[in-house]
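Following: one structure in structure tokens, then a few remarks.
The values are calculated or read from the model by the stated rules, or taken from the named source; none is laboratory data. These numbers were taken from a predicted model, which means no experiment stands behind them. Please note: Cβ atoms are built from the backbone with ideal geometry, for glycine as well, and neighbour counts cover all protein chains shown.
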Amino acid sequence: MSQAETGEAEAPVMEGVRVIETALATLPLSPGVYRMLDAKGDALYVGKARALKKRVATYAQIARLPERLRRMVHETRSLEVITTASEAEALLLEANLIKRLRPRYNIVLRDDKSYPWLVLTEDHPYPQITKHRGERRKGASYWGPFASAWSVNQTLTALQRVFLLRSCRDTVFESRDRPCLLYQIRRCSAPCVDRIGREDYAGLVHQAKQFLSGETPSIQKELAKEMEQAAEALEFERAAAIRDRIRGLTHVQGRDRINMEGIGDADVVALHQAAGQTCVQVFFFRGGRNNGNRPFFLSKGEQGPEEVMGAFLAQLYDDLPPPPLVLLSHAPPEQALIAEALTIKAGRKVELHRPQRGDKRAAVEHAETNAREALERKLAEGTAQEALLQGVARVFDLSSTPERIEIYDNSHIQGSNAYGVMVAAGPSGFLKQAYRKFSIKSDVRPGDDFGMMREVFERRFGRALKEDPERESGTWPDLVLIDGGLGQLNAAREVFSQLGVHDVPLVAIAKGPDRDAGREWFHQHERPAFQLPPRDPVLYYLQRLRDEAHRFAITTHRAGRSKSLVKSELDEIPGVGSALKRKLLNHFGSARGVRNAALSDLENAPGIGPSVARKIYGHFHPGTTDG
């Protein structure tokens, strides 16, 4: 490039620098927010500063800026500032402006959806429970937020089943002369036609508030006592109705996959970055209950996870009340400042915490897994399936693009309830009608994954040779993937050799160090093990195939184990007699409720105790306790 050409290229950048240098003459040293604007007056970038003059001056030092900000200065034609009383207030204003203006060079949370809440209209003699979006009104209590309409609908249905509160509008309530269908299916107490008195309905409202505030154990005790009293009075229909309410309450508790015992209101925020994109998963916990989760997708650019986390948090809580505790997967650079700003916004202390161990760390890891899986799905779906299959053919040196890929995995616990599974995929995605389960029948010693793999391949391909030796049905694979390493590959090759199958390519996918997704090793016969680049779309596709096989293996194993458990249930638990069974059923509503209960729930059940709880939990979850 000639000197003249270099000067022409630098001219626009220098014009942006001159705009900034001119503005510096009048900028104060106070906190505030600045906006870089283009020739049209649109916002290019919004930033906050403890001292506006010092912060904006850094943009005039063009050589020290990253490429993204150099481009921003290149387009800058004017600059506007707003002063604030503190840097925390500046951060709140910055987040609001970013969400409203969506500047091109900021990390922008593009989320136009409002969050649903539950509302209890307490200005009526018989309060209504329903979902709500938008502005709050007086004479009502609100609980939330919920991550989605599905989450709030699930909780609303549970509240109807357990507490029998009306959900109809006041106009409908006033016009009823007979109970509606919800009364018939035991999801409303029909106060509209006086099937319940005002005092008794107020008791249901009080219990619902306890539940929404996280006081579930006390409600369970009350309901169990009411059921006992009804049974003793020979009011069996009423006792059955209370039993159904207990079952509904147990079902709601069983839906929460993350143990957040001892934490009332908190959000779990975790992110995962890959291929230039970021997914942030947010789990909302209120009253100790999981109110659902929502993924947010951001363009990563040059920013690392900590910087993205800081920008995300400020924008997330711009129009959402922050809870007292926010658990994070990555600590933002200005964590203390963000906590101070959220404390100002909430009117009470807000703590940002990156846990290192315990239940809180487990909750963050669960959210991180959800973020990774959501981003992997998005990346996989964003690339044309045919291009991915062509990439698979290129990576594994196949003679043609595969029309059918089969993926195999095993699942067992110390050799018990052992299953092998096969899932299939092709140009149209996963071929779920082709999925197969293999209950391991041979005398394979516990934990012998190689022996399990041999049996699965003998049955799958032995039958294929018998039923379709000419391979005319289209059910023969063009590629077989195995979740495992070199040992699993050799076991499969042995079976192929014995059966005379020599033209079906075999590949084993082994997890990398510390089972780190993205560092998998691929094994093929007569080829050194190799890895794919971390951002290769084909790698994400292969991971997705492997993960689907793993998911199917786990669910198959659980289903098989549940069938064997149904035969025994509570009667087969050593040391659990009729009196103890009665207490369990009163508290959890059914044997299924006992089976699905967490260990902490069993320990807190009346009359059970820690040692018996471990024994019961261990019976339904072998290998997870000492009992």
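Could you run through region 273-300 and say how many residues are touching a Lys or Arg at 6+ places or on another chain (Cβ under 6 Å) and part of a loop (DSSP other than H, G, I, E, B)? Selection size over region 273-300: 2.
Can you go through Arg257, Arg294, Arg354 and tell me which one is closer than 20 Å to Asn153 by Cα, modelled with pLDDT of 80 or more and within 21 Å of the chain's Cα centre (by Cα)? It is Arg294. The listed residues are Arg348, Arg357, and the only one of them that is under 25 Å from Trp143 (Cβ atoms) and basic (Lys, Arg) turns out to be Arg348.
Would you check which residues across region 569-593 are over 17 Å from Pro610 (Cβ atoms), of a type in the set (Gly, Ala, Ser) and exposed (fewer than 12 other Cβ atoms within 10 Å of the Cβ) and list them? Residues satisfying the conditions are Gly577, Ser578, Ala579.
Scanning region 427-461 for residues that are at pLDDT 80 or above and touching a helix residue (DSSP H, G or I) at 6+ places or on another chain (Cβ under 8 Å) yields a total of 17. Annotation: of all residues in region 117-151 being under 21 Å from the mean Cα position of the chain (by Cα) and free of Cβ contacts under 8 Å to residues at least 60 places away in the same chain, the one that is surrounded by the most Cβ atoms within 10 Å (Cβ to Cβ) is Trp117. Annotation: Ser114 fulfils all but one of (1) surrounded by 20 or more Cβ atoms within 10 Å (Cβ to Cβ); (2) out of contact with any strand residue (DSSP E or B) (no Cβ under 6 Å at 6 or more places or on another chain); (3) under 30 Å from Gln277 (Cα atoms); the unmet one is (1).
Counting only helices (runs of 4 or more DSSP H) that fall entirely inside region 516-627 and contain at least 2 residues that are at pLDDT 85 or above, in contact with a strand residue (DSSP E or B) (Cβ under 9 Å, 6 or more places away or on another chain) and more than 21 Å from Pro217 (Cα to Cα), the qualifying elements are 537-566.
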